[in-house]
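Visitor: Take this structure, written in structure tokens, and hold onto it; I'll ask about it next.
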Ligand SMILES: [Mg+2]
Ligand SMILES: [Zn+2]
């Protein structure tokens with residue numbers, strides 16, 4: 001008899017959630033996991049959650065990244081994680097943008113977050129239950145996509161997002177980083193008895209950081225700086 005796979009998944013945004021934000025990353029050498037990511041994914045995978053990535057890559061529509069380059073970037077991400085013993089089941093991306101310059105990609109689509117299309121497709125193709133799953137991302141569009149798809153959601157606070165004004169944009173939890181999010185998820189689903197507190201929504205009531213003007217390929221200054229501080233905090237607990 002074929003073994004049934006668990007129906008729960010952690011769906012993850014890519015940039016600013018798993019890897020350092022890089023403006024339209026097209027070089028596999030620029031793939032760099034954020035601190036604590038492999039540990040957090042290891043806990044989640046060990047608790048029986050399948051791991052899937054859902055990411056907006058409008059750089060394709062804008063002509064900054066080819067799908068071939070994107071495939072190499074994703075292969076590198078997958079290999080880095082496999083080397084850490086973490087199986088990534090699938091990576092889904094939206095290559096579209098209504099203001100794109102490449103024909104065939106410059107369109108309004110149903111897969112660019114905050115639309116839930118990619119999540120729905122991932123759940124259908126991989127065969128996991130959205131209601132038993134979580135979506136983790138670093139911007140409110142991630143939260144909205146996850147909520148619209150019927151997942152529970154966690155917002156990683158990189159300092160860039162305001163407090164949400166609608167229920168659709170409101171996450172179940174705000175977390176400092178992925179290890180913090182993983183602990184919140186494991187506790188909420190009764191898979192860990194370790195006590196863990198989310199950040200309050202009020203933590204988002206402060207001036208939002210912006211990354212300024214970047215060229216394609218530039219690393220984003222914000223999450224890097226934030227995460228160094230957050231990783232230090234995480235380690236100090
Ligand atoms: Mg992101
Ligand atoms: Zn799309």
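Every number here is computed from the coordinates shown, using simple stated rules; none is lab data. Predicted model, so just to flag it, every value in this text is computed and none were measured. Cβ atoms come from the backbone with ideal geometry, glycine included; neighbour counts cover every protein chain shown.
Visitor: Using every alpha carbon pair in region 109-228, what percent of pairs falls into each 5 Å bin from 0 up to the bin containing the largest distance?
Guide: With 5 Å bins starting at 0, P(r) equals 2, 11, 19, 21, 20, 15, 9, 3, 1, 0.
Visitor: Same structure again: Which residues in region 1-32 have a backbone N closer than 11 Å to a point placed 7 Å from the Cα of residue 209 along the Cα-to-Cβ line?
Guide: Once the point is set 7 Å along Cα→Cβ of residue 209, 21 turn out to lie under 11 Å by backbone N, inside region 1-32.
Visitor: How much of the DSSP bridge set in region 9-236 is antiparallel, in percent, rounded to the nearest 5?
Guide: Once the DSSP bridges in region 9-236 are tallied, antiparallel ones form about 15 percent.
Visitor: Let me ask another. For a label point 7 angstrom out from the Cα of residue 82 toward its Cβ, which stretches of region 100-126 have the backbone nitrogen within less than 20 Å?
Guide: 126, by backbone N distance to the label point.
Visitor: If you rank 89, 144 by fewest surrounding Cβ atoms within 10 Å, what's the result?
Guide: Least to most surrounded, the residues fall as 89, 144.
Visitor: Another question about this same structure. Mind checking Rg over Rh on the chain, alpha carbons, Kirkwood formula for Rh?
Guide: Ratio value, two decimals: 0.94.
Visitor: A follow-up question, please. Mind checking the full-extension length gain between residue 191 and residue 30? Use 0.36 nm per residue of separation minus the Cα-Cα distance, one decimal, nm.
Guide: 54.5 nm
Visitor: If you take the square roots of the eigenvalues of the alpha-carbon gyration tensor of region 69-168 and sort them as a ≥ b ≥ c, do you get rounded (a/c under 1.5), prolate (a/b over b/c) or oblate?
Guide: Rounded, since a/c falls under 1.5.
Visitor: May I pose another question? How do 65, 54 rank when sorted from fewest to most other Cβ atoms within 10 Å of their own Cβ? Please list the in-between numbers first.
Guide: Values: 65 21, 54 27.
Listed from fewest to most nearby Cβ atoms, that is 65, 54.
Visitor: Tell me what the chain gives for mean residue ellipticity at 222 nm when only DSSP H runs of n ≥ 4 count, each as -39,500 (n - 2.57), the sum divided by the residue total, rounded to 500 deg cm²/dmol.
Guide: Details: 6 runs with 74 residues, N = 237.
Helices in the chain give a 222 nm mean residue ellipticity of -10000 deg cm²/dmol.
Visitor: Let me make sure I get this right: for region 142-185, a, b and c are the square roots of the gyration tensor eigenvalues over alpha carbons, sorted descending. Under 1.5 in a/c it's rounded, otherwise prolate if a/b > b/c, else oblate. Which is it?
Guide: Judged from the Cα gyration tensor, region 142-185 comes out oblate (a/c at least 1.5, b/c at or above a/b).
Visitor: Report relative contact order for the chain in percent, whole number only (criteria: Cα-Cα under 8 Å, sequence separation at least 6).
Guide: Values: 463 pairs, mean separation 52.9, N = 237.
So the answer I get is 22 percent.
Visitor: Also, quick follow-up: Taking 0.36 nm per intervening residue step and subtracting the Cα-Cα distance, what contour gain separates residue 101 from residue 4 on full extension?
Guide: Details: separation 97, 0.36 × 97 = 34.92 nm, distance 4.38 nm.
Answer, rounded to one decimal: 30.5 nm.
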